[in-house]
Every structure is written in structure tokens, then in C-alpha cells.
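*Asks:* Structure incoming, see below.
The values are calculated or read from the model by the stated rules, or taken from the named source; none is laboratory data. A quick note: this is a predicted structure, and the numbers were derived from the prediction, not measured. Neighbour counts are summed over all protein chains in view; Cβ atoms, including those assigned to glycine, are modelled from backbone coordinates with ideal geometry. Just so you know, the surface numbers come from the protein's heavy atoms only, side chains and all, with ligands and any DNA or RNA stripped out. Shrake-Rupley method; radii C 1.70, N 1.55, O 1.52, S 1.80 Å.
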Amino acid sequence: MQRRHVLSLLALGLGAGPIAACGDSSRLPSLPDKLRARAPFKGLPEDTRIVLDGRDEDVLAEIARNALVREIGFLQSQGRSQLGTANYLAISGGGENGAFGAGLLTAWSALGTRPEFKVVTGISTGALIAPSAFLGPAYDKDLEFFYTKTSAEDVMTSRGLLTGLLSDSLYDSRPLLRTIQKFLTPALLAAIAYEYNTKGRLLFVATTNLDAPVGVMWNMGAIAASSHPRAAELFARILLASASIPGIFPPVMIDIEVGNARFEEMHVDGGTVAQVVLYPPSFGGVDSSRVLAEADRTVIEALIKRPRRLFVIRNSRPGTDLSTIDRSTLKIVERALATLINTQGSAISTSSTCSAFATRWISTSPTSPRALPTGSSSRSKKPTWRSCTKWADRR
């Protein structure tokens, strides 16, 4: 199988449930809306996730407030009192183009100007990049290996057309689950937990609850830092869910308990509802303002006075990608999905061959010569890992 097709499937769709077996089409009832506020994830922190429907503003505000308190405490333990600039990184979906974002990050490290991010968010292929982006340049080799050495056998196995149509997906993604788990070592999870607990840094991954349907943002640092015996498994499967394109790979079924009753939520590709996310559009309303106002004076002053910078990596290509598409169902569906992903995020970022690279709120213009890698044409050539790293280096 061509690498482009492998990376497309890698970033668009993954599968298997964190509790239910991979490929098992049976399921428990979905969680009734009236029980949502009382539905715990057994053994996990209450702030494990934020549902992006406007009703969890207070949860996200409390996460942000507590993280700032931990960060201030860490700085004081280091003999520092002044908060530096808060850098935020949002990594979009984009299918096969996730390799460009990974290449950009490694080149950014080589350039020596890549900052430490206060918050990192990822959707779809961006979710697969996010943990390494969060932990910094020491994990660039993992990114490069993941996006350049992955074969079809590391991603999926076909179920056959008839079986696929009668089950929940065309492909079985257990090989990909094993690939992701190989990178999610105890040391990596411990490093994420340390950054979350000690320095107040935040890592979020977004999925789509297809039962609702609504976006969900998962507090991956809280999961990594929990003492839950299956935290590593849940962490891996949330990454899978964020990029699990419905129908291509199985959804992720997440178990929830209310009293003696058990329910399941069906989670799929986060790109189903958005291609990039930093925080819910409703954030800043009455509930979040009330929680933040309860903080002490030091925290409130830090929230008001602290400089902030947002960086967005938009994994996309400009212009059209002309191709003669075969008149087959799978080829048409694949092309349609790739087009949907590419165009859905166009309103939130400028497109360049490698990414929209926003620094100090100034984005690269898609018409600028510097937005194209050396030797690349936005219409006639496919970007490569090397061309992307060259592009970032020229910044």
C-alpha cells in the first residue's frame, strides 16, 4: 500500500474501545442526558474531560485556575516570581498532512526558537502529534519515526468488504493500537504527569461523542497523573478515538457507571465537529468567570497581566490537488473525506504547504513565497518531510 494512503488512514481513522473489545459491534445503552452530571469515570479525576456544549465551562475554568496555581508554586520553588509569556499550541487535523506538522516541530527545535507550551491541544492527526509536541524536542525522534517509518501492517488489517459492511468498520485497527502503545511508554506518561502536576502545563485531546453528538476535550495530563490501573490504556485509546473516522475504523466505546447502571459513549474522530480547538467558544461566560473570580489576588493578577501567544499548526496544503478518481465506492469516499477535512478547517487558519504557523498572532500568508518549501509547487508536487523541515528552517 502506498505510504500516502497509509498516513491518510493513520491520521483519519483508528479504532477499538478502551473497555469493549476491538471490532465488537455489541454495545451498552448510551448515557442519558439527565444523568450526565452524575456520571463518573470510575477511579479517574472529576476533571478528566470537558464536554464542548457550554455546560462544562466551570470545569475548564477550574482546570485553568488550578494549573496556574501549580505553575506559580513551581516558579516560587525555583526562586522566581515573574510569570513568563504563556505559549499555546493548537494542532489541527488534516489526514496525511500530519507529517508536515511533525516535520515543522522538529525543524522548529533545530532552529532553537521553539518555546515550551503552557497548553497543547490536538485533534485527529494533531492528537497523535500532541504528546510529543507537549514534552518538547527530546521527543522529536518519536515524531519522525512515527510519520516516516509506519507501514500498512503497523496500522490496520482489512476485514473484507462484506464483513466490514456488516460490522462497525471496514478495517481493524488493532495493529495501530499496538503501534501507539509502543510509543506511550511509562516514562513518557510519567513525564506528562510531572509537567501537569508540578508545572501546571495542560495537554488536551478532542474527540466526538457520536451519541450526543458533541465534541469532548480530554484532560490528558490528569489521566496520566491518575493512579488508575488502566490510565495508560485509556490514554492510548483516546488518541485513537480522536482520529477514528467513522466507518473506516471502529469507534472507541467508553464505559460510564451511574450507581449500579453501566452505559457507553461512542467516540470517533474529533475532526467530525472541528479541525482545531483551543477552548470552547462559550468559555468566558458566567460559570467560568465565577470560578476564576474565586481565585486569590495573585492568580487573578496573573490571569489579567500575563502575555499570551497562540501558535496554530494547520496540517493542510493550499490550492487544489487535481487527480483522476476511479469510479469505485472506496476511492470516492476516501477522496470526499480528505476534501472535507481539508476544507472544514480553512476558515480557522491560513494554508501553507506545511502548516499555518502563527507566531505572535501573525500568520504566514498563503501567497507569500516563503510559505512554500524549497522546490515545491502547491499544485503539482507532494510536500515531503525534508521540504517541510526546510520550510520551517527558513522562518
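*Asks:* Hey, could you check segment 68-89 for residues that are in contact with a helix residue (DSSP H, G or I) (Cβ under 8 Å, 6 or more places away or on another chain) and touching a residue at least 40 places away in the same chain (Cβ under 8 Å) and say which is surrounded by the most Cβ atoms within 10 Å (Cβ to Cβ)?
*Replies:* LEU89
*Asks:* So ASP53 clears everything in (1) more than 18 Å from THR208 (Cβ to Cβ); (2) surrounded by fewer than 18 Cβ atoms within 10 Å (Cβ to Cβ); (3) in contact with a strand residue (DSSP E or B) (Cβ under 8 Å, 6 or more places away or on another chain) except one condition, right? Which one?
*Replies:* Failing condition for ASP53: (1).
*Asks:* Tell me whether segment 220-236 contains one or more residues that are in contact (Cβ under 8 Å) with a residue 24 or more places away in the chain and closer than 30 Å to LEU330 by Cβ.
*Replies:* Scanning segment 220-236, I find at least one residue that is in contact (Cβ under 8 Å) with a residue 24 or more places away in the chain and closer than 30 Å to LEU330 by Cβ, so the answer is yes.
*Asks:* So which residues in segment 217-233 are not in a loop (DSSP other than H, G, I, E, B) and not β-branched (Val, Ile, Thr), if there are any at all?
*Replies:* At the first step, the residues of segment 217-233 found to be not in a loop (DSSP other than H, G, I, E, B) are 217-225, 231-233.
Within segment 217-233, MET217, TRP218, ASN219, MET220, GLY221, ALA222, ALA224, ALA225, ALA231, ALA232, GLU233 meet the criteria.
*Asks:* Another one. Looking only at residues in segment 175-216 that are out of contact with any Ser or Thr (no Cβ under 9 Å at 6 or more places or on another chain), aliphatic (A, V, I, L, M) and part of a helix (DSSP H, G or I), which one is nearest to ALA232 (Cα to Cα)?
*Replies:* The residue in question is LEU189.
*Asks:* Continuing with the same structure: Within segment 140-157, which residues are of a type in the set (A, V, I, L, M, F, W, C) and either open to solvent by less than 60 Å² (accessible area, probe 1.4 Å) or part of a loop (DSSP other than H, G, I, E, B) (or both)?
*Replies:* Result: LEU143, PHE146, ALA152, VAL155, MET156.
*Asks:* Out of ILE238, ILE254, I need the residue that is crowded, with 21+ Cβ neighbours inside 10 Å, of a type in the set (A, V, I, L, M) and under 15 Å from the mean Cα position of the chain (by Cα). Which one? Give the derivation first.
*Replies:* Working: ILE254 fails: under 15 Å from the mean Cα position of the chain (by Cα).
Within the list ILE238, ILE254, the selection yields ILE238.
*Asks:* Can you say whether ALA20 is at pLDDT below 80 and either buried (at least 20 other Cβ atoms within 10 Å of the Cβ) or closer than 30 Å to TYR147 by Cβ (or both), as far as the supplied structure shows? Before the answer, list the steps.
*Replies:* Numbers: at pLDDT below 80: yes; either buried (at least 20 other Cβ atoms within 10 Å of the Cβ) or closer than 30 Å to TYR147 by Cβ (or both): yes.
Answer is yes for this residue.
*Asks:* Just checking, how many residues over segment 120-155 are of a type in the set (S, T, N, Q) and modelled with pLDDT of 95 or more?
*Replies:* The first filter runs over segment 120-155 and keeps only residues of a type in the set (S, T, N, Q), leaving 121, 124-125, 132, 148, 150-151.
Now drop any that are not modelled with pLDDT of 95 or more, which leaves 121, 132.
Of the residues in segment 120-155, 2 are of a type in the set (S, T, N, Q) and modelled with pLDDT of 95 or more.
*Asks:* If you check every pair at least six apart or on different chains, which have Cβ atoms under 8 Å apart with a residue in segment 174-194 that is under 19 Å from THR125 (Cα atoms) first and a residue that is open to solvent by 60 Å² or more (accessible area, probe 1.4 Å) second?
*Replies:* Between residues of segment 174-194 that are under 19 Å from THR125 (Cα atoms) and residues that are open to solvent by 60 Å² or more (accessible area, probe 1.4 Å), the close pairs are ARG174/THR157; PRO175/GLU153; PRO175/THR157.
*Asks:* Would you mind stating whether PHE134 is buried (at least 17 other Cβ atoms within 10 Å of the Cβ), within 21 Å of the chain's Cα centre (by Cα) and of a type in the set (Phe, Trp, Tyr)?
*Replies:* Details: buried (at least 17 other Cβ atoms within 10 Å of the Cβ): yes; within 21 Å of the chain's Cα centre (by Cα): yes; of a type in the set (Phe, Trp, Tyr): yes.
In short, yes.
*Asks:* Any residue in segment 314-331 that is at pLDDT 85 or above, open to solvent by less than 20 Å² (accessible area, probe 1.4 Å) and farther than 30 Å from ASP172 by Cα?
*Replies:* Checking segment 314-331: not a single residue is at pLDDT 85 or above, open to solvent by less than 20 Å² (accessible area, probe 1.4 Å) and farther than 30 Å from ASP172 by Cα.
*Asks:* If you scan segment 90-131, which residues turn out to be open to solvent by 10 Å² or more (accessible area, probe 1.4 Å) and under 19 Å from ALA193 (Cβ atoms)?
*Replies:* Matches in segment 90-131: GLU116, LYS118, VAL119.
*Asks:* What are the residues in segment 248-268 that are touching a residue at least 40 places away in the same chain (Cβ under 8 Å) and over 16 Å from LEU176 (Cβ atoms), if any?
*Replies:* First pass over segment 248-268, keeping only residues touching a residue at least 40 places away in the same chain (Cβ under 8 Å): 248-258, 262-268.
MET253, ILE254, ASP255, ILE256, GLU257, VAL258, ARG262, PHE263, GLU264, GLU265, MET266 - these are the residues of segment 248-268 that are touching a residue at least 40 places away in the same chain (Cβ under 8 Å) and over 16 Å from LEU176 (Cβ atoms).
*Asks:* Which members of segment 201-225 meet the condition of being among the small types (Gly, Ala, Ser), open to solvent by 10 Å² or more (accessible area, probe 1.4 Å) and modelled with pLDDT under 95? Explain how you work it out, then say what you get.
*Replies:* Just the residues of segment 201-225 that are among the small types (Gly, Ala, Ser), to begin with: 206, 212, 215, 221-222, 224-225.
Those still in the list that are open to solvent by 10 Å² or more (accessible area, probe 1.4 Å) too: 212, 224-225.
Once the filter is applied, which keeps residues that are among the small types (Gly, Ala, Ser), open to solvent by 10 Å² or more (accessible area, probe 1.4 Å) and modelled with pLDDT under 95, segment 201-225 yields only ALA212.
Every residue, every condition in (1) charged (D, E, K, R); (2) in contact with an Asp or Glu (Cβ under 6 Å, 6 or more places away or on another chain); (3) modelled with pLDDT of 95 or more, yes or no:
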residue: ASP58; (1), (2), (3): yes, yes, no
residue: GLU62; (1), (2), (3): yes, no, no
residue: ASN66; (1), (2), (3): no, no, no
residue: LEU75; (1), (2), (3): no, no, no
residue: ARG80; (1), (2), (3): yes, no, no
residue: GLY95; (1), (2), (3): no, no, no
residue: LEU105; (1), (2), (3): no, no, yes
residue: TRP108; (1), (2), (3): no, no, yes
residue: LYS118; (1), (2), (3): yes, no, yes
